[in-house]
Amino acid sequence: MDDDLHALGEDLISTAARIVRWVPKENGFNISLAAARLLARLHDSGPTRISELAAAERCSQPTITNHIKRLEAAHLVDRAADPRDARAWMIKLTKKGNQQLSLMRDSIGTTLEPYLATMSKRDLKALRDGVDAMRRLMAVEKEAQHS
């Protein structure tokens with residue numbers, strides 16, 4: 001493996017994780033970052049089985065089930081029987097869950113804005129280009145999952 005690509009991969013993940021941890025705690029968000037990741041995954045993927053969420057989040061089904069129970073109690077997700085297999089549950093975001101995710105993302109943008117305002121136009125362009133590149137990277141990963 002190319003050492004430079006390996007290091008780049010490590011830097012992308014660790015930097016993205018650090019930025020996500022900037023989610024403000026004073027804005028009334030009473031869900032964990034793991035729960036927020038689940039909301040984001042459901043937003044991006046649509047209704048999903050608990051087993052698929054567990055695999056995607058690299059954790060056990062009981063752990064995901066506990067998260068889903070808390071999110072369900074907060075009316076952020078709903079569960080329904082999977083039409084393909086009534087023994088399994090499909091989890092989907094509720095309107096309130098979509099709103100909570102949107103508010104959280106807006107709050108992150110608001111938190112980052114003053115820091116971004118201190119950066120040069122060149123650095124801001126580099127960040128925008130980097131975000132575009134990360135979206136293309138995610139599209140490659142998504143294609144690989146479906147093939």
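Mind checking which pairs have a first residue in segment 66-91 that is of a type in the set (Asp, Glu) and a second that is modelled with pLDDT of 90 or more and part of a strand (DSSP E or B), Cβ under 6 Å, 6 or more apart or different chains?
Every condition considered, the pairs that remain are 78/92; 82/90.
Of the residues that make up segment 113-132, is at least one closer than 20 Å to residue 40 by Cβ, among the basic types (Lys, Arg) and surrounded by 10 or more Cβ atoms within 10 Å (Cβ to Cβ)?
no
Go through segment 85-139 and count every residue that is farther than 24 Å from residue 12 by Cβ, over 15 Å from the mean Cα position of the chain (by Cα) and among the charged types (D, E, K, R).
Of the residues in that region, 4 qualify.
Going by the structure shown, is residue 112 in a helix (DSSP H, G or I) and touching a residue at least 12 places away in the same chain (Cβ under 8 Å)?
Here the answer is yes, as residue 112 does meet what is asked.
Kindly establish whether residue 78 is at pLDDT 85 or above, in contact with an Asp or Glu (Cβ under 9 Å, 6 or more places away or on another chain) and farther than 24 Å from residue 142 by Cβ. Give the steps one after another, and end with the answer.
On the way: at pLDDT 85 or above: yes; in contact with an Asp or Glu (Cβ under 9 Å, 6 or more places away or on another chain): yes; farther than 24 Å from residue 142 by Cβ: yes.
So residue 78 passes the test.
The values are calculated or read from the model by the stated rules, or taken from the named source; none is laboratory data. The structure presented is a predicted model; accordingly, all values stated were derived computationally and were not measured. Neighbour counts are summed over all protein chains in view; Cβ atoms, including those assigned to glycine, are modelled from backbone coordinates with ideal geometry.
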